[in-house]
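In what follows, a single structure is set out as C-alpha cells and then discussed.
Read-outs: derived from the displayed coordinates by stated rules, not from any lab. What you see is a predicted model, and the numbers here were worked out from it, not measured in a lab. All Cβ positions, glycine included, derive from the backbone under ideal geometry; neighbour counts span all protein chains shown.
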Amino acid sequence: MSEDRSSNGHKSWLDKITQAFAHEPRNRQELLELLRDAHDNKLLDSEALSIVEGAIQVADLQVRDIMVPRSQMISIKASQSPREFLPAIIEAAHSRYPVVGESLDDVMGVLLAKDLLPLILHDDSHAFNIKDLLRPATFVPESKRLNVLLREFRANHNHMAIVIDEYGGVAGLVTIEDVLEQIVGDIEDEHDVEEDSYIKPLPSGDFIVKALTPVEAFNDFFGAEFSDEEFDTVGGLVMSAFGHLPKRNETTELGGFRFRVLNADSRRLHLLRLTPLRD
C-alpha cells in the first residue's frame, strides 16, 4: 500500500500529462483548454505553456502577418560602394540585407554582413564588386503559412526570404527569427540590455531601451516629463503614440525623442532604439 502511494507521489510529468489527456480533445480549442488546465494544475509552467500555444497557433498565421513591410526594408543598392552603404549596415545591425538593382522589386541576392569583413584587409585600390559576395535570395508568397515556411527554412538552411505579392512585386521580407518569435516569444540578440538594466547607451549617442522600462525610471534617466498616470511603461507610451501595435523598424516621435522598434512580436513591444532629437 505504501509502495503504491510512493509511486503515485513520484509520477513523472509525462505521466501526469498523459493522465490529463485521458479524455481526448476533439478540436484545437479543447486542446488549448486542456493545456491551460494542465498549467493551472502546475503540470506545465508558464513558459512551456506559452511555447506550446505558440507552436499550435503558428499554423494559423501567414507570412503577411509578421513580415517586415516593403516600406521598412533596409536594402543595399548594387551600385553603392562600401563607403556609401556601410553606415546603414552599422546603424541597422542586422546580419543579412537584400541587394537590389534599379528598384526594390529587382532583388539580386542577399548580402551577409560577415562577408564584408575581408574588406578590412584590403586597401582603397582593391576593386570591389558586391555581386561577388551575394548569396541566392529565397522568395515566398505573402499567403504562405508560417509552419510551412519554418519547415522550408530548416530544410534549406535559409534564414531570410523575400516576400512577393500577387503581382510579383516585393511586399517585404521575413526571417527565421520572426517565425521563431511567434512560438517562443522574444529572442535576445546583440541589441539586448543587461538583465538588471532598462537602458543601454550606444557609442552613436542613441540608446537601447526595453519596452518594459517604467515611465518613472525613463524620466529620471533622460530628465523627461512623461506622465505615468495612463501607462506604466515606455512600451505603453510608444504604442499609444503609434495608435497600433507597431512592427520592427517602424518609427515615431514623442516628447523630443525618436523611437524605432527593434523587436516586437504579434502581442507586444520588446525593444526600442531611442534617438534624442536636437532642438
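Regarding the stretch 85-124, what whole-number volume in Å³ per residue does the convex hull of its Cα atoms give?
Numbers: hull volume 3.7 nm³, N = 40.
It comes to 92 Å³ per residue, whole-number rounded.
Hey, can you rank 158-164, 81-87 by average C-beta count inside 10 Å, highest first?
Details: 158-164: 21.4, 81-87: 12.6.
For the peptides 158-164, 81-87, the packing ranking is 158-164, 81-87.
Would you calculate the separation in nanometres between label points at residue 197 and residue 177, each defined as 7 Å from the Cα along the Cα-to-beta-carbon direction?
Taking the simple label geometry, residue 197 and residue 177 are separated by 1.9 nm.
How high is the relative contact order of the stretch 199-276, in percent, with contacts defined as C-alpha pairs under 8 Å that are six or more residues apart? Don't skip to the answer; put the middle values down first.
On the way: 133 pairs, mean separation 23.5, N = 78.
Computed over the stretch 199-276, the figure is 30 percent.
Quick check for me: using +1 on Lys/Arg Cβ and -1 on Asp/Glu Cβ, what's the dipole size of the stretch 199-276 about its Cα centre, in debye to the nearest 20? Show your work: numbers first, answer last.
On the way: 9 positive and 11 negative charges, 120 e Å.
Dipole about the Cα centre, nearest 20: 580 debye.
Ratio of alpha-carbon Rg to the 2.2 N^0.38 Å globular estimate for the stretch 199-276, to two decimals, please.
0.98
Which one, 237, 257, 270, is farthest towards the positive end of the dipole of the stretch 199-276 when Lys and Arg carry +1 and Asp and Glu -1 on their Cβ?
270
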